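Read-outs: derived from the displayed coordinates by stated rules, not from any lab. Since this is a predicted model, take the numbers as computed values, not measurements. All Cβ positions, even for glycine, are placed from backbone atoms using ideal geometry, and neighbour counts span all protein chains on display.
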Amino acid sequence: MLEKIKFPKDLKELKLEDLHSLAFEMRERIIDVVSKNGGHIAPSLGTIELTIALLKVFSPPRDKIIWDVSHQSYGYKLLTGRNEGFDTLRQFGGISGFLSRDESIYDAFGAGHASTSLSAALGFAAARDRKGSDYEVVAVIGDGALTGGMAMEGLNQIGYHNNKLLVILNDNRMSIAENVGGMREYLTRLQSGDIYNKVMEDAWDLLEKLPEALGKKTKRAAKKLSEGLKNLIVPNILFEELGLSYFGPIDGHDIRELIILLSNLKKLKGAKLLHIITEKGRGYQPAEDEPTLFHGLGPFDRETGEPLKKEGLKSYSTIFGEAIVEEARKNENIIAITAAMTKGTGLVAFKEEFPDRFFDVGIAEQHAVTFAGGLASAGMCPVCAIYSTFLQRAFDQIIHDIALQRLPVIFCLDRGGLVGDDGPTHHGVFDHSYLRMIPNMVIMVPRDEVELKRMFKTAVEYQEGPVAIRYPRGAVEGIPFPDKIAPITIGKGEVLRKAGEPLILAVGPIIYEILEIVKDFDDIDPTVVDVRFVKPLDDELILKLASTRNKIITVEDNVISGGFGSAVLELLSNKGLKKDVLRIGIPDRFIRHGNKEELLETIDMGKDDLKERIKEFMK
């Protein structure tokens with residue numbers, strides 16, 4: 001069946017039994033590809049029936065289907081012309097793991113961060129109505145995205161304007177509500193049907209014609225009775241108070257029921273919300289058993305579900321997790337905060353040992369930061385463990401609520417630099433730049449696991465303002481730990497190789513690449529410095545070394561614009577030192593998805609590229 005579906009229009013004539021066969025084949029295709037390439041398998045397996053029903057009833061690209069946190073959309077990709085290329089999912093030059101307007105005309109709005117679909121959907125609906133068009137707008141939100149403040153802002157505005165659009169709440173975190181028999185299904189179907197809504201419209205029209213005093217009283221009584229009866233069966237009060245007509249909850253794996261409801265809801269005016277219950281990982285037992293693990297992972301054995309990645313060195317996330325637990329045992333004021341990324345940020349052990357000092361705030365980075373500010377103001381030591389790319393969402397809170405007040409909040413930025421397969425929405429390549437401009441901020445970048453633990457200890461002891469520690473995704477360097485972890489003096493770098501020209505100033509694990517490269521030079525004898533701190537720079541050390549060298553190279557895995565290299569240029573300029581400077585970093589463009597090593601080569605930052613760039617610069 002799947003091979004017959006080249007585009008959504010091919011679904012229109014299929015019978016119900018064909019759709020069930022199609023759903024089975026789609027799951028098999030996704031499991032097969034993701035087991036080899038890695039990816040977000042559990043969310044997409046949970047939306048197969050919804051995807052089929054949406055494309056049966058609606059007609060993209062004319063109709064706009066907007067997926068929140070679009071890792072739910074693998075099935076959508078299969079049915080919108082990308083089945084043949086699906087084997088390249090998340091591979092260099094292949095299909096993205098998220099929706100992308102550059103990839104397909106069926107991708108109305110791209111998204112890799114959560115809670116954006118409702119605002120975008122309202123934008124489409126408002127533009128449609130302004131232009132006098134009549135296409136449909138559907139937003140699919142779920143997988144925890146409704147915990148984000150931006151989603152609630154979008155809901156509030158949608159209800160206020162009441163443009164015609166449909167919000168589908170894909171609820172896969174809770175089991176199906178208590179079974180109340182056929183009555184619930186009947187009422188849900190009835191609420192979405194033409195007859196029911198025509199009767200409701202006629203009833204309100206009649207009430208409008210009654211004498212004013214009587215009409216108002218009758219309306220209030222009818223409204224209370226309606227809400228009271230409906231809320232005995234469905235939890236609609238929140239959404240209806242916000243101005244959306246609520247329908248559900250229904251089984252999100254029942255294709256027939258979904259098609260009937262979507263067809264009825266398509267005819268209704270105004271803003272509607274359909275609440276569906278789905279199972280994350282549906283159709284693949286290992287994913288059903290461990291939906292959190294299979295939310296997003298690398299290649300795995302299809303038969304057993306076991307990850308194929310061999311045990312090796314620990315990850316930076318794991319080392320951070322060890323560091324915070326070690327310090328928390330000595331300091332009862334340490335509080336850990338994460339935004340729906342307990343496992344991803346390495347906080348599982350902390351949560352188990354200190355449950356009363358652990359807070360997962362959901363996909364709400366802005367709230368996480370200001371919540372940390374309140375804790376710090378009350379004398380606690382809050383640690384915000386958030387991916388670099390997600391902390392961007394709380395930029396104003398970092399400035400206004402933390403740095404302005406010099407509050408000692410520790411930001412642990414996981415996934416710094418290029419992250420690989422997840423692509424531009426997840427690359428953490430802007431943090432040097434967006435944090436460096438903020439007064440009172442200290443920014444540390446460890447080159448290895450030992451430095452990470454030392455920097456965390458330093459941050460815990462520092463009480464003069466906020467500190468950010470930025471480290472990459474992936475395995476550590478394998479450096480043995482000393483008997484005692486000692487803190488580092490704020491703003492002090494370390495000379496790792498003292499020699500001649502050029503002066504190479506670097507931050508992060510890329511320093512080890514540099515140290516390997518310089519061993520191969522015959523006629524070049526570089527001095528290599530781990531500057532450690534993007535802010536404050538070690539002005540004294542840099543100026544001392546720069547005064548006797550004419551050529552300087554800065555290296556970082558952050559964007560060139562406004563990053564560490566820019567800080568060095570500013571320092572030299574302010575001191576009147578005119579030097580030849582080569583800045584190496586991420587170029588001024590969004591980097592696509594793929595293997596990290598492949599991506600580095602595309603931007604001339606692979607090992608051989610670095611060697612050649614240094615040699616050319618020295619000529």
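In straight-distance terms, cross-link reach from K351 covers every one of the aspartates and glutamates whose alpha-carbon lies under 17 Å from its own, apart from those fewer than eight places away in the same chain; here that gives E322, E326, E327, E332, D360.
The order of I560, I65, going from fewest to most other C-beta atoms within 10 Å of their C-beta, is I560, I65.
Among (i) 1.15; (ii) 1.09; (iii) 1.00, only one was calculated for this model; which label is it, if the read-out is Cα Rg over 2.2 N^0.38 Å? After the calculation, the listed value that fits is (ii).
Loop-located GluC sites (Glu not before Pro) in region 9-105 (DSSP state other than H, G, I, E, B) with a sparse environment of at most 11 neighbouring Cβ atoms within 10 Å: E13, E84. Note on region 494-618: Cα Rg divided by 2.2 N^0.38 Å, N the number of residues, gives 1.01. For the chain, the longest principal axis of the Cα atoms and the long axis of helix 16-37 meet at an angle of about 10 degrees. Pairs with C-alpha atoms separated by more than 19 Å, drawn from the list K309/K453; K330/K453; K12/K77; K330/K484; K492/K607; K596/K619, are K309/K453; K492/K607; K596/K619. Annotation note: trypsin sites (Lys or Arg not before Pro) in region 25-112 located in DSSP loop regions with a Cβ neighbour count of at most 15 within 10 Å are R62, R101.
Taking each DSSP H run with n ≥ 4 as -39500 (n - 2.57) and averaging over every residue of the chain yields -11500 deg cm²/dmol at 222 nm. The eigenvalues of the Cα gyration tensor, multiplied by 5 and square-rooted, give region 276-399 an equivalent ellipsoid with semi-axes of 30, 18, 13 Å from largest to smallest.
Taking region 316-472, how much of its Cα-Cα pair set, in percent, is spaced more than 22 angstrom apart? Beyond 22 Å sits 32 percent of the P(r) for region 316-472.
Between the residues V442, L505, G428, the greatest Cα displacement towards the positive end of the dipole of region 408-520, with unit charges on the Cβ of Lys, Arg, Asp and Glu, is found for V442. Distance from the C-alpha centroid of region 441-490 to that of region 19-39: 42 Å, rounded to the whole angstrom. What's the angle, to the nearest 10 degrees (0 to 90), between helix 316-330's Cα axis and the longest principal axis of the chain? So the helix axis and the longest Cα principal axis differ by about 80 degrees. Taking Cα atoms, how many degrees apart are the long axis of helix 212-230 and the longest axis of the chain, rounded to 10 and kept between 0 and 90? Once rounded, one gets 70 degrees.
Spatially, region 562-593 and region 388-420 are offset by 22 Å when compared through their Cα centroids.
Of the trypsin sites (Lys or Arg not before Pro) in region 478-535, the ones in a loop by DSSP (not H, G, I, E or B) with at most 12 other beta carbons within 10 Å are K484, K498, K519. Counting only Cβ charges, +1 for Lys and Arg and -1 for Asp and Glu, the dipole size of region 494-618 around its Cα centre is about 480 debye.
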